[in-house]
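The values are calculated or read from the model by the stated rules, or taken from the named source; none is laboratory data. Given the structure is predicted, the values throughout are model-derived calculations rather than measurements. Every residue, glycine among them, receives a Cβ derived from its backbone with ideal geometry; neighbour counts consider all protein chains shown.
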Amino acid sequence: MVAKQDTKAFGELVRRHQSQIRNFLRKLTRDNVLADDLSQDCFLHAWNKIHTYAGRGSFIGWLLKVAYTTFLQSKRKSNRYHEILEEIGHAEDINEERVSRDSDEINDLDKFLAVLSTEERAVMILSYACGLSHREIGDATDMPIGTIKSIIFRGKEKIRTKFEIKDHQYG
């Protein structure tokens with residue numbers, strides 16, 4: 001039904017999954033306003049690409065892939081925008097405004113995620129916050145399962161090292 005662009009069925013899918021998509025993007029971007037915009041863009045992209053969902057794997061896994069791709073496209077555009085601002089000397093103003101706005105909203109999870117690269121942060125969020133399997137994360141990010149496992153291992157090690165967290169299992 002959804003593959004034929006049934007608006008009522010798609011509306012139900014949005015209702016069911018919008019919180020998870022928004023939360024994933026909020027953790028990934030660390031900017032609630034941007035995440036909300038990207039969430040809307042994600043669902044627009046999903047509506048236009050629904051015919052590509054083949055029914056293999058979970059729908060939320062496919063939708064998270066659309067969200068991640070939407071994020072990456074936005075990041076590329078944003079990087080180019082900041083390059084242009086730097087060329088004309090306005091980048092400092094934008095960065096100062098964002099730091100002051102975001103500093104009030106940082107919690108422990110955000111601090112942990114902040115030490116990770118964008119790719120590591122996305123994989124860790126998909127694994128721990130979204131509960132996807134390694135295979136589903138691989139599908140969402142177009143990475144091999146071995147790479148996903150390595151990224152998770154390295155991400156946990158970065159967090160442990162940066163925050164001097166002892167692994168209780170090994171003493």
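Scan region 1-47 for residues that are more than 20 Å from the chain's Cα centre (by Cα) and part of a helix (DSSP H, G or I) and the total you get is 9.
The set of residues from region 128-138 being in contact with a Ser or Thr (Cβ under 9 Å, 6 or more places away or on another chain) and surrounded by fewer than 20 Cβ atoms within 10 Å (Cβ to Cβ) comprises 133, 134.
Checking the condition among the hydroxyl-bearing types (Ser, Thr, Tyr) and either surrounded by 18 or more Cβ atoms within 10 Å (Cβ to Cβ) or farther than 16 Å from residue 67 by Cβ (or both), which residue from 118, 161 passes?
On the way: 118 fails: either surrounded by 18 or more Cβ atoms within 10 Å (Cβ to Cβ) or farther than 16 Å from residue 67 by Cβ (or both).
161 is the lone residue from the list that is among the hydroxyl-bearing types (Ser, Thr, Tyr) and either surrounded by 18 or more Cβ atoms within 10 Å (Cβ to Cβ) or farther than 16 Å from residue 67 by Cβ (or both).
Taking residues in region 145-164 that are free of Cβ contacts under 8 Å to residues at least 24 places away in the same chain, and partners anywhere that are among the charged types (D, E, K, R) and in a helix (DSSP H, G or I), the pairs with Cβ atoms closer than 8 Å and at least 6 places apart or on different chains are 145/135.
Here's the yes/no breakdown for (1) over 23 Å from residue 120 (Cβ atoms); (2) modelled with pLDDT of 90 or more; (3) out of contact with any strand residue (DSSP E or B) (no Cβ under 6 Å at 6 or more places or on another chain); (4) among the aliphatic types (A, V, I, L, M):
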residue	(1), (2), (3), (4)
6	yes, no, yes, no
10	yes, no, yes, no
18	yes, yes, yes, no
21	no, yes, yes, yes
36	yes, yes, yes, no
48	yes, yes, yes, no
55	yes, no, yes, no
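Taking each residue of region 130-144 that is free of Cβ contacts under 8 Å to residues at least 40 places away in the same chain and looking for partners that are in a loop (DSSP other than H, G, I, E, B) and among the β-branched types (Val, Ile, Thr) with beta-carbon atoms closer than 6 Å, six or more apart or interchain, yields nothing. If the condition is being small (Gly, Ala, Ser) and either in contact with an Asp or Glu (Cβ under 6 Å, 6 or more places away or on another chain) or under 17 Å from residue 27 (Cβ atoms) (or both), then region 127-152 contributes 127, 129, 131, 140.
Applying the criterion of being within 22 Å of residue 110 (Cα to Cα) and in contact with a Ser or Thr (Cβ under 7 Å, 6 or more places away or on another chain) to the residues of region 27-66, the residue that is surrounded by the most Cβ atoms within 10 Å (Cβ to Cβ) is 38.
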